[in-house]
Amino acid sequence: MFDPGNRAIGLWPGEGPEVDDYVDYSYELTCRLVADVCAADTRQVLPGDLEAIPPGPYLAAIVSSIDTSRLNGYDAVRMMKASARLAAHNEAAKYEAMAQVAYAPPSDPDSGVLRSSEVVEYAAVEVAAALTLTRRSSEDQLSRSVTLTGVLVRVWKAFSAGVIDLPKVRVFEQSLGHLPKETVDVVLDLILDEAASLTNGQIRARISRLVLEADPDGAASSFEQGLADRNILVFSNPDHTADLQIRNARPEDVVAARSYVEEIARSLKTADEPRTLEQIRTDVALDLLQGRRFGTGRQSRAGRVNVTVSAETLGGLSNEPGVLDGYGPVFAEIARKTVMENVDGEWIFTVTDQGRPVATGTLARRPTGTQKRRVRAEYPTCTFVGCRQPGHDCDLDHRHPFAQGGSTHNDNLEPLCRHHHMVRHHTPWRLERRVDWEHEWTSPLGHVYVKRRGPPD
């Protein structure tokens, strides 16, 4: 214990003042106190409630004083998460200061004029010079700082609290930064509190669905504007290869095209084929675009597309968005069109009632087994935490292994992508299925992660 000015400082929360009191003391003093304790304990024991310590000087002192090489695996994960919270907090502080720069007019420091009502022209030049950034990077970051401290101030607060990190902030900015504040607030009410437990892809997909529901007219207008800007771009890479990118196309066309390429590529992946599947996909796509033929010995079919849609939407009684596997939420009109149109390829549909699948089927091709369709309808994606691999591209894994007497029954089957299937059976990861379709994964280091089933995303 140490007593500066008759005020006791507990080295860990609970041994002295509340956590918020630690900000009263200097960073240097706190560092010395934490370092003294850490140096005296060869085990490098972390605070018991490290997860509850808010980002700030006290957490910074702990993070900077710990020798991570002396931590066991479990505590290394805790330390990693604490460092991530602190990094987010510091990055948020940078953007807050940058927003002040955006509104700081070029004036005499003694004039009393501190802020402009509009973003100062060329403020990005100051940012670029101060942080040694390129023009594009400084403009992007300055724009982000203005958006975060304006229409997305709630996102910034979560960022500053270390709840979400910069990549997630970028998803919110890209998905909501251009929308009216009323729509933004509706969407944030439904997703912000959950964002910490979601991957970037899940956040992007759920925001897309929520925007479609909250402002369908605005989303439709934005969709048409984006579609008008569709184009193909070519980029050069440092290794002298090139990238070809199709932008702003219709989602149903993109998903069908990718599935078509996938089907051809898999048919070409024989035991004698030296190329990887990724290489074959690329070659197939380029061959198709150049009108080349494939030596497959069969007639190629159009790509497969899976769509999940509510019974009300399918019947025209609702405009609730549908979901294209491998893409995400789409307009109700697109979902209906996908199910109703008879095309050359295989279109698999799942009809839902209050979120539960009530019917599955296919159009234009002999369907897969009823059992496979049912299991994959119950679990639209791989059941590992954060994995968005569509269920129809996953292995059906036996929860209780078949070799040990497990039955091939719906309740004993669940989709796992090939990677996470191997993880489950060849590593110490443990899986338990809970109620309401939740899957609890326990890592080799003892941490528990839960995959909750919701709309496919």
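Odds and ends about this structure:
- List MET80, MET422, MET98, ordered by accessible area with a 1.4 Å probe, largest first: MET80, MET422, MET98
- Accessible area (Å², 1.4 Å probe, nearest 10) - TRP429: 60
- Residues with amide H under 5 Å from that of GLU414, placed H, sequence gap 5 or more: ASP397, ARG399
- Extension gain, THR427 to GLU278, is 51.1 nm, computed as 0.36 nm per intervening residue step minus the present C-alpha separation.
- For segment 195-274, GluC sites (Glu not before Pro) meeting the loop criterion (DSSP other than H, G, I, E, B) and having at most 11 other Cβ atoms within 10 Å: none.
- HIS240, HIS439, HIS420, HIS178, reordered so the largest accessible area comes first (probe 1.4 Å): HIS240, HIS178, HIS420, HIS439
- Size descriptors for segment 95-251 (Cα atoms only): Rg and Dmax, in that order, 18.3, 56 Å.
- Rounded accessible area of LEU179 (nearest 10 Å², 1.4 Å probe): 30
- Solvent exposure, largest accessible area first (probe 1.4 Å, DNA, RNA and ligands not counted), of VAL309, VAL435: VAL435, VAL309
The values are calculated or read from the model by the stated rules, or taken from the named source; none is laboratory data. Nothing here was measured: the structure is a model prediction, and the numbers come from that model. Quick reminder, even Gly has a Cβ in these numbers, built from the backbone with ideal geometry, and neighbours come from all protein chains shown. Calculation scope for accessible area: heavy atoms of the full protein, side chains included, ligands and nucleic acids excluded. Shrake-Rupley method; radii C 1.70, N 1.55, O 1.52, S 1.80 Å.
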